[in-house]
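Notes follow once the structure below has been shown.
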Amino acid sequence: RQRPVPDDVDGEIALSIGRMAYRGVKSREATAFAVRLLDLVAGAGRWKPAYALMRIGDREFLDEHASRIAAAAQDTNADVRMYCASAMTRVNDRRVALLTLLNLVSSDPDWRVRVNALKALTGLDPLLAPEATLALIQAADDSNRHISLTAISVLPSIRLTGTEQARTARAILAGIVENRAGRFSPHEQREAAVALARLFGTDAYTELRPLKGQGKTQRAAYAAALAHVPLDEARNELMDLARENDPQLLATALES
């Protein structure tokens, strides 16, 4: 920079970089400038350059700045951590990215940061990152509903079959479906039922069946999960559920 620029102007420049990136206009120069602004912008506006990097979201531009983005993911500002977690998704250095995301998923005090870090683990290879995989699985049982639902939604993107973590994932998801202590919402039950079926297919059938004898919402969850159970019995049950009078159940069964 040739002359001092106020923090609020720097922040608006960072937002402009992010908005242009959202429209597909990106460059190495703009990316490097956004990274420099991580150090230059102070106060409440520090999230703005992190937002720009998240919007750039392109390995071609972010890779050379992986270590700096990872360092910013430990910032005291939760918004900075949240956007940097999303940016780490697009970094080729998986060792740095996974270590950063693992720390955020496991211990960040802000649920929004943990949610963004969990989303960044989509498609994770459990054989290459067993610790991050376990943290993701355990997050499905979190007391915060946003964290729990995000983890449940990400789990089917991981090939768990035949891994050591598969048993743990199946037990946690089955526990949410059963909901013996009443801890989980119907939404969490439904998402867990679908995730269980998507991950384990026919093997999950017996764990899903108790939903059939419960309330309308749980039966709709059962119908949604049966779409991913390739058994004649599941198909026949869906045909029976499609004859029900309840509109929600009928619609879900027909969709499945």
Fill in: Taking region 185-256 and dividing mean pair separation by its residue count, relative contact order in percent (alpha carbons under 8 Å, at least six apart)
31
Item to complete: Would you list, by chain and number, the aspartates and glutamates whose Cα falls below 12 Å from the Cα of residue 216, excluding same-chain residues fewer than 8 positions away?
Response: 244, 246
Discussion item. Give the lysines whose C-alpha is closer than 23 Å to that of residue 48, dropping any in the same chain fewer than 8 places away, or say none.
Written reply: 26, 119
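So, by mean Cβ neighbours within 10 angstrom, what's the order for 227-236, 106-115 with the highest one leading? Let's see the in-between values first.
Details: 227-236: 15.1, 106-115: 16.8.
The peptides rank, most packed first, as 106-115, 227-236.
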Discussion item. Restricting to Cα pairs below 8 Å that are 6+ residues apart, what does the relative contact order work out to for the chain? Please round to a whole percent.
Written reply: 10
Worksheet, complete the sentence: With all protein chains present, the chain has a carbon and sulfur share of its accessible area (1.4 Å probe) in percent of 50
Worksheet item: How big is the charge dipole of the chain about its Cα centre, in debye rounded to the nearest 20, if each Lys and Arg gets +1 on its Cβ and each Asp and Glu gets -1 on its Cβ?
Response: 360
Worksheet entry | Pair residue 203, residue 181: separation of 7 Å Cα→Cβ label points (nm) | 2.6
Item to complete: Take the Cα atoms of region 120-256, find their three principal axes, and give me the spread along each one in whole Å, biggest first.
Response: 46, 30, 24
Fill in: Pairwise Cα inverse-distance average, inverted: Kirkwood Rh of region 1-149 (Å)
15.5
Practice prompt. First select every other residue whose beta carbon is under 12 angstrom from the beta carbon of residue 16; then total the charges, Lys and Arg +1, Asp and Glu -1.
Written response: +2
Worksheet item: When only C-alpha pairs under 8 Å and at least 6 residues apart count, what is the relative contact order of region 126-256, in percent?
Response: 18
Worksheet item: Label residue 231 and residue 63 with points 7 Å out from Cα along Cα→Cβ: what is the distance between them in nm?
Response: 4.7
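Report the gain in length on full extension from residue 22 to residue 242: 0.36 nm times residue separation, minus Cα-Cα distance, nm rounded to one decimal.
Details: separation 220, 0.36 × 220 = 79.20 nm, distance 4.27 nm.
Taking 0.36 nm per residue and subtracting the Cα distance, the gain is 74.9 nm.
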Worksheet item: Which FRET efficiency value, to the nearest 0.05, do you get for residue 71 and residue 145 by plugging their Cβ-Cβ distance into 1/(1 + (r/R0)^6) with R0 = 30 Å?
Response: 0.45
Response to the item:
Note to self, the chain gives a 222 nm [θ] from helices alone (DSSP H runs n ≥ 4, -39500 (n - 2.57) apiece, / all residues, nearest 500) of -19500 deg cm²/dmol
Worksheet item: Among 136, 155, 37, which one shows the biggest mean-square fluctuation in a GNM of the chain, springs joining Cα atoms closer than 10 Å?
Response: 37
Worksheet entry | Accessible area in square angstrom per residue, the chain, 1.4 angstrom probe | 50
Response to the item:
What the 5 Å binned alpha carbon P(r) of region 13-81 shows, as percent of pairs per bin from 0, is 3, 20, 34, 25, 14, 3
Worksheet item: Once the Cα gyration tensor of region 133-191 is diagonalised, what are the square roots of 5 times its eigenvalues, in whole Å and ordered largest first, as equivalent ellipsoid semi-axes?
Response: 18, 12, 9
Discussion item. Please report the spacing between the Cα centers of region 190-207 and region 58-103 in Å, no decimals.
Written reply: 33
Fill in: Cα long-axis angle, helix 94-107 against the chain (0 to 90 degrees, to the nearest 10)
70
Worksheet item: Quick one: if you take sqrt(5λ) for each eigenvalue of the C-alpha gyration tensor of the chain, what semi-axes come out, biggest first, whole angstrom?
Response: 42, 18, 16
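The values are calculated or read from the model by the stated rules, or taken from the named source; none is laboratory data. It should be emphasised that the depicted structure is a prediction, and the values quoted were computed from it without experimental measurement. For neighbour counting, all protein chains shown are included, and Cβ atoms are generated from backbone atoms with ideal geometry for every residue, glycine included. In case anyone asks, the SASA skips ligands and DNA or RNA and just uses the protein heavy atoms, side chains included. Shrake-Rupley method; radii C 1.70, N 1.55, O 1.52, S 1.80 Å.
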